[in-house]
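Worksheet: the structure to be examined is printed underneath.
The values are calculated or read from the model by the stated rules, or taken from the named source; none is laboratory data. Since the structure is predicted, the reported quantities are computational estimates derived from the model, not experimental observations. Heads up, the Cβs are rebuilt from the backbone with ideal geometry, glycines too, and the neighbour counts pull from every protein chain shown. Just the protein is used for accessible areas: all its heavy atoms, side chains included, with ligands, DNA and RNA removed. Shrake-Rupley method; radii C 1.70, N 1.55, O 1.52, S 1.80 Å.
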Amino acid sequence: MKAPAQTATLVRFEISPRSIAWILATIVGVWLFLQLRAVVLLLVVALVLAGTFNPLVEWMERRGIKRLYALTLLFVALLLATSLLIFLTVPPFLEQLTQIVRDAPHHREQLIALLQQRDFTAPLARALQHAGLEQTFTRIENSLVGYTPEALTALGWAVTTLFLSFYRLADGKRMQGALYAVVPRDYHMRLARILQNLEAIVGGYMRGQLITSVAIGVFTYLLLVICGVPNALSLALFAAVVDVIPFVGGLLATAPAVLSALSRGLPTGIVVLVLLFIYQEVENRVLVPKVYGSVLRLAPATVVLALLAGGILLGVIGALLALPIAAGLQMMVQELRVEMPGDNSDDRVADARDAKTEATYERMSAGATAPEAGQIARNLAQENRTADAVDAVGLTAD
């Protein structure tokens, strides 16, 4: 009996020209990003600064000040504040920081002698004694004494970023009109909500960073001055700067302050350590939720993953920008109604409100140019945001 003949199965994969074009465009886009990542980072930081300053500029506009004059006032105020801050802090900061490095071997010997007084801390004293820190202290001191080309390059990048942000603020309406001209009218309201929420996220995040940095700087300075710790100004400025780094900023701010406080004795070092720990707990549990809670709305796991991704891709700057970028992406997924595979929720109230708003926008923007239509969409989005805030306040009061 013959076995039935088996027919060969032919599998054909067909890729449309459009899919090939998307693949090639993605490859080219990734390559361009890798080649121009410094420029992309500069543009992102400039947009962050523009989003931070734009509410202040619009506040001055609502009070009758023309936008150009408002930008001029803001630029002059920032220039004066920055110059005054540099003049008052940088010279003593560099002097005190250099003095800390010079005194570090002496403090090290004091710490070794203190650790050798107890049997259970003697191994730590021996490890510290053979750590070979003299060469490290010498290298740090040599780096602090002179100015380096990297510092001048960073200053140039900072100035360029600042001017780009001011250009974005000065020419914002025309850029907004160009953006609304590219996007189809059916998506104008979603675009208006996205831009408005991005501005709120970026501005709230930057203002929160400023508040927390100033708070820990002032607290550290007062604490060290009261305890009689030397180099209080440089240590407080260092704490204010590194506090912007998520998670590890508090540890980086505490370590040099405690080490410097040990020169005044072990009790002083313990007092500084305990009080800084208490402050960081208050900041993390009270201040940070108040400042960022209603702005970022990120889950703890999302925060960790965003920080890791940002740090790996762009270093410290990437870690600083990771949270607002993650919050912005999460918000855009919600606004664009992107359906997740496991999410079957249906917010009918929000959908009905959005449909009503879009119908109102279509009626009001009929025959309008792209910049005019964009302004109408922004006004409607602002009205909805104000109504949501009023409803939230009412629910909280109830």
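Can you say whether ILE140 is open to solvent by 40 Å² or more (accessible area, probe 1.4 Å) and modelled with pLDDT of 85 or more, as far as the supplied structure shows? Answer is no for this residue.
In this structure, is VAL57 modelled with pLDDT of 80 or more and within 25 Å of ALA158 (Cβ to Cβ)?
Details: modelled with pLDDT of 80 or more: yes; within 25 Å of ALA158 (Cβ to Cβ): yes.
Yes, satisfied.
Within this structure, ARG297 fails the test of being on the phi < 0 side of the Ramachandran plot and basic (Lys, Arg). Of ALA322, ALA299, ALA239, ALA232, all but one fail to be at pLDDT 80 or above and within 19 Å of GLY204 (Cα to Cα); the exception is ALA322.
When the helices (runs of 4 or more DSSP H) confined to the stretch 163-273 are screened for residues that are β-branched (Val, Ile, Thr), those reaching at least 3 such residues are found at 188-226. Please determine, by comparing only the residues of the stretch 287-328 that are touching a Gly at 6+ places or on another chain (Cβ under 7 Å) and not hydroxyl-bearing (Ser, Thr, Tyr), which one is farthest from VAL45 (Cα to Cα). Checked the stretch 287-328; the qualifying residue farthest from VAL45 (Cα to Cα) is VAL291. Of all residue pairs spaced 6 or more apart or on separate chains, those with beta-carbon atoms under 9 Å, a first member in the stretch 69-80 that is on the phi < 0 side of the Ramachandran plot and a second member that is of a type in the set (Val, Ile, Thr) are ALA70/VAL57; LEU71/VAL57; LEU73/ILE65; LEU74/VAL57. Residues of the stretch 156-185 that are open to solvent by 40 Å² or more (accessible area, probe 1.4 Å), free of Cβ contacts under 8 Å to residues at least 40 places away in the same chain and of a type outside the set (Val, Ile, Thr): ALA158, PHE163, TYR167, MET175, PRO184. Pull up the stretch 217-229, narrow it to residues that are open to solvent by 50 Å² or more (accessible area, probe 1.4 Å) and among the aliphatic types (A, V, I, L, M), then point me to the one that is nearest to TYR205 (Cα to Cα). Per the stated criteria, the residue is VAL218.
From the list ALA192, ALA255, which residue is out of contact with any Cys (no Cβ under 8 Å at 6 or more places or on another chain) and crowded, with 21+ Cβ neighbours inside 10 Å? Write out each step before concluding.
Details: ALA255 fails: crowded, with 21+ Cβ neighbours inside 10 Å.
Within the list ALA192, ALA255, the selection yields ALA192.
Once the stretch 302-313 is narrowed to residues that are of a type outside the set (A, V, I, L, M) and under 12 Å from ALA326 (Cβ atoms), the residue that is modelled with the highest pLDDT is GLY310. Within the stretch 24-68, the set of residues being surrounded by 13 or more Cβ atoms within 10 Å (Cβ to Cβ) and aromatic (Phe, Trp, Tyr) comprises PHE53 only.
Tell me, please, whether a residue that is at pLDDT 80 or above, among the acidic types (Asp, Glu), farther than 28 Å from GLN99 by Cα and surrounded by 13 or more Cβ atoms within 10 Å (Cβ to Cβ) can be found in the stretch 265-285. Break it down stepwise before answering.
Residues of the stretch 265-285 at pLDDT 80 or above: 267-283.
Now narrow it down to the ones that are among the acidic types (Asp, Glu): 281, 283.
Restricting the remaining residues to those that are farther than 28 Å from GLN99 by Cα gives 281, 283.
Cutting the leftovers down to surrounded by 13 or more Cβ atoms within 10 Å (Cβ to Cβ) gives us 283.
Yes, the stretch 265-285 has at least one match.
For the stretch 53-64, the condition of being more than 23 Å from the chain's Cα centre (by Cα) and not in a helix (DSSP H, G or I) holds for at least one residue. Would you be able to say whether some residue in the stretch 328-344 is modelled with pLDDT under 70, open to solvent by less than 90 Å² (accessible area, probe 1.4 Å), out of contact with any strand residue (DSSP E or B) (no Cβ under 9 Å at 6 or more places or on another chain) and small (Gly, Ala, Ser)? Scanning the stretch 328-344, I find at least one residue that is modelled with pLDDT under 70, open to solvent by less than 90 Å² (accessible area, probe 1.4 Å), out of contact with any strand residue (DSSP E or B) (no Cβ under 9 Å at 6 or more places or on another chain) and small (Gly, Ala, Ser), so the answer is yes. Restricting attention to the stretch 240-255, does a residue exist that is over 28 Å from PRO324 (Cβ atoms) and within 27 Å of the chain's Cα centre (by Cα)? Looking through the stretch 240-255, none of the residues is over 28 Å from PRO324 (Cβ atoms) and within 27 Å of the chain's Cα centre (by Cα).
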